[in-house]
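Asker: Take this structure, written in structure tokens, and hold onto it; I'll ask about it next.
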Amino acid sequence: MNLWFVDEGALFTVYSIDDEARDESLRHFLEKLQEDDQAEHDRLIGRLERLAEVGPDFRKERCRDVGDGLYELKTKTGSRILFFYEEKTRHVIVATGGFAKGSKKVQNQDIKRGKRRKGDYETALRKGDLKKIIVTGKKEPSRVPGG
């Protein structure tokens, strides 16, 4: 399983599960959003930076618990990022992906996918199968998964 280094702040280091075989990753979502809606892209980058710096803002319009240790970071215009805390370190946050909120059925499918990817991550961590951390143009993070 590949991880993409997203950001590091005072309290947390944020990574995203990066599945090159599918377009479900946060990286792909942000790239597409940047092409389609720069303002929304910038809002989400700001939320991710804040997440790394001080943790989630649990006001209901910004973040919510969707169950099984998975959380949803959200914007008013409908963009969503699903994430969880790595249990071993608690200072590492792993995003399972991003999506634009659609119907309740679509949102539930995205949450199920996020829970599945969380389980896949935990299995890969136990087996030592976190193959690489993709760092693009940023300094090496001090907090690493499983560390």
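Quick note: the coordinates plus some simple rules give every number you see, no bench work behind them. Keep in mind that what you see is a predicted model, and the values were worked out from it rather than measured. Quick reminder, even Gly has a Cβ in these numbers, built from the backbone with ideal geometry, and neighbours come from all protein chains shown.
Asker: Once amide H atoms are placed 1.01 Å from N in the peptide plane, what residues at a sequence separation of 5 or more from residue 63, or on another chain, have their amide H within under 5 Å of its amide H?
Answerer: So residue 63 has HN proximity to 74.
Asker: Can you give the helix-only mean residue ellipticity at 222 nm for the chain, where every DSSP H stretch with n ≥ 4 adds -39500 (n - 2.57) and the sum goes over all residues, rounded to the nearest 500 deg cm²/dmol?
Answerer: Value at 222 nm, helices only, nearest 500: -12000 deg cm²/dmol.
Asker: Considering only the other residues whose Cβ falls under 10 Å of the Cβ of residue 79, what net charge follows from Lys and Arg at +1 and Asp and Glu at -1?
Answerer: Value of the local net charge: +4.
Asker: Calculate, for residue 43 and residue 10, the FRET efficiency according to 1/(1 + (r/R0)^6) with r their C-beta to C-beta distance and R0 25 Å; round to the nearest 0.05.
Answerer: With R0 = 25 Å, the Cβ-Cβ based efficiency is 0.75.
Asker: Related question: Taking every Cα atom in region 90-147, find the radius of gyration and the maximum pairwise distance Dmax, and write them in Å.
Answerer: Spelled out, the Cα radius of gyration and Dmax of region 90-147 are 14.1, 39 Å.
Asker: May I ask for the longest run of the chain untouched by GluC sites (Glu not before Pro) that are loop-located per DSSP and have at most 15 neighbouring C-beta atoms (other than their own) within 10 Å?
Answerer: 88-147
Asker: With springs connecting C-alpha atoms under 10 Å apart, model the chain as a Gaussian network and identify which of 95, 52, 39 has the largest mean-square fluctuation.
Answerer: 39
Asker: Using the number of other C-beta atoms within 10 angstrom as an exposure proxy, rank 85, 71 with the fewest first.
Answerer: 85, 71
Asker: Here is a further query. Set the bar at 21 Å for Cα to Cα. Now go through 74/131; 32/74; 74/115; 60/88 and name every pair that lies beyond it.
Answerer: Table pairs above 21 Å Cα-Cα are 74/131; 60/88.
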